[in-house]
Amino acid sequence: MRYAFPPGGLPDQGCDPEGAAIFTEAYAVLPAVTQRDIVTSLLPGWHGTRAWVLARPLSGFAETFAQYAVEVAPGGGSYNPEPEANAEAVLFVARGHSRLRIDGISHELDAGGYAYISPDSVWALENPGPGDLQLHWIRKMYRYVSDIPPPKSFVTSDQKTRPVNMPDTGKWSTTRFVDPGDIAHDMHVNIVTLLPGGRIPFAETHVMEHGLYVLQGTARYLLNRDWVEVGPGDFMWLRAFCPQACVATGNEPFRYLLYKDVNRHPALTLAA
């Protein structure tokens, strides 16, 4: 299984700088070609590491999450990766090998490895080598609810998780790493798969915010009023209620890593 990741490097001087990046009031598209060396950041508490910050809470746009693509050199990592209390996380390994410790227990994750990290957990990550470790990291402040304990951390993989077919479609399935009936979870990070010619057959319009990182394949994606061609490594960032649908193109499955916020009442008062 192949999983896309930012290409890094720098396009040569013969490339057209016009590009296909889009930023609107309802959605943004960051094509893979824009995810280059000159837009990476270093992260406090991490060594031998650089990150592409693809999404961050942005007032008036999408406010619930941050999403990174993180590249860790051999021997790199962090003993204190999360800077904010009460933050939960999902890690998804695109390439390489990682050693993840959660609450003192060590886990080995290869490509396709998936970890949910509870806001109550202490964790650390390192790349034991020999090659670079490339992973996707999604962060969210957990919204506690009285009498509902937060979910426990766990580790699994794409390979170990059976996709669930969407009813009456035949070409559309979702790899759900969390039981959708577990209300303790206030976010889901899934993998959506559409076989060639498969489609989301209506324009979804809902309160959830989305980050969609294309892992494999190509599609025409409806974002608000616009049909956009997307492929491996492209990132789509959607605010609440942005209409969306897609049609898978090409001759291989179209797969994307999907974040959405779930299972909580909308807050009726603004934070001070």
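The values are calculated or read from the model by the stated rules, or taken from the named source; none is laboratory data. No experiment lies behind these values; they were computed from the predicted model shown. Virtual Cβ from ideal backbone geometry, glycine too; neighbours counted across all protein chains shown. Accessible surface is based on the protein model in full, side chains and every heavy atom, while ligands, DNA and RNA are left aside. Shrake-Rupley method; radii C 1.70, N 1.55, O 1.52, S 1.80 Å.
On the basis of being outside any strand (DSSP E or B), open to solvent by 70 Å² or more (accessible area, probe 1.4 Å) and either in contact with a Leu (Cβ under 7 Å, 6 or more places away or on another chain) or more than 27 Å from F235 (Cβ to Cβ) (or both), does P130 make the cut? So P130 passes the test.
Within the group G8, G60, G14, which residue is open to solvent by less than 10 Å² (accessible area, probe 1.4 Å), assigned to a loop (DSSP other than H, G, I, E, B) and either out of contact with any helix residue (DSSP H, G or I) (no Cβ under 9 Å at 6 or more places or on another chain) or farther than 20 Å from D110 by Cβ (or both)? I'd like the intermediate steps shown before the answer.
Numbers: G60 fails: open to solvent by less than 10 Å² (accessible area, probe 1.4 Å); G14 fails: open to solvent by less than 10 Å² (accessible area, probe 1.4 Å).
Sole residue among the options that is open to solvent by less than 10 Å² (accessible area, probe 1.4 Å), assigned to a loop (DSSP other than H, G, I, E, B) and either out of contact with any helix residue (DSSP H, G or I) (no Cβ under 9 Å at 6 or more places or on another chain) or farther than 20 Å from D110 by Cβ (or both): G8.
Scanning region 41-56 for residues that are within 29 Å of Y27 (Cα to Cα), in contact with a Ser or Thr (Cβ under 8 Å, 6 or more places away or on another chain) and either loosely packed, with under 14 Cβ neighbours inside 10 Å or not small (G, A, S) (or both) turns up L42, L43, T49, R50, W52, V53.
In the set R99, R143, R162, which member is open to solvent by 10 Å² or more (accessible area, probe 1.4 Å), touching a strand residue (DSSP E or B) at 6+ places or on another chain (Cβ under 9 Å) and either closer than 21 Å to D261 by Cα or hydrophobic (A, V, I, L, M, F, W, C) (or both)? Spell out how you get there, then give the answer.
Details: R99 fails: either closer than 21 Å to D261 by Cα or hydrophobic (A, V, I, L, M, F, W, C) (or both); R162 fails: either closer than 21 Å to D261 by Cα or hydrophobic (A, V, I, L, M, F, W, C) (or both).
Exactly one of R99, R143, R162 is open to solvent by 10 Å² or more (accessible area, probe 1.4 Å), touching a strand residue (DSSP E or B) at 6+ places or on another chain (Cβ under 9 Å) and either closer than 21 Å to D261 by Cα or hydrophobic (A, V, I, L, M, F, W, C) (or both), namely R143.
Screening region 149-178 for residues that are in a loop (DSSP other than H, G, I, E, B) and more than 24 Å from P253 (Cα to Cα) and picking the one that is nearest to the chain's Cα centre (by Cα) gives S153. Check region 225-247 and report whether any residue there is within 27 Å of A32 (Cβ to Cβ), over 19 Å from the mean Cα position of the chain (by Cα), among the aliphatic types (A, V, I, L, M) and crowded, with 19+ Cβ neighbours inside 10 Å. Among the residues of region 225-247, not one is within 27 Å of A32 (Cβ to Cβ), over 19 Å from the mean Cα position of the chain (by Cα), among the aliphatic types (A, V, I, L, M) and crowded, with 19+ Cβ neighbours inside 10 Å, which makes the answer no.
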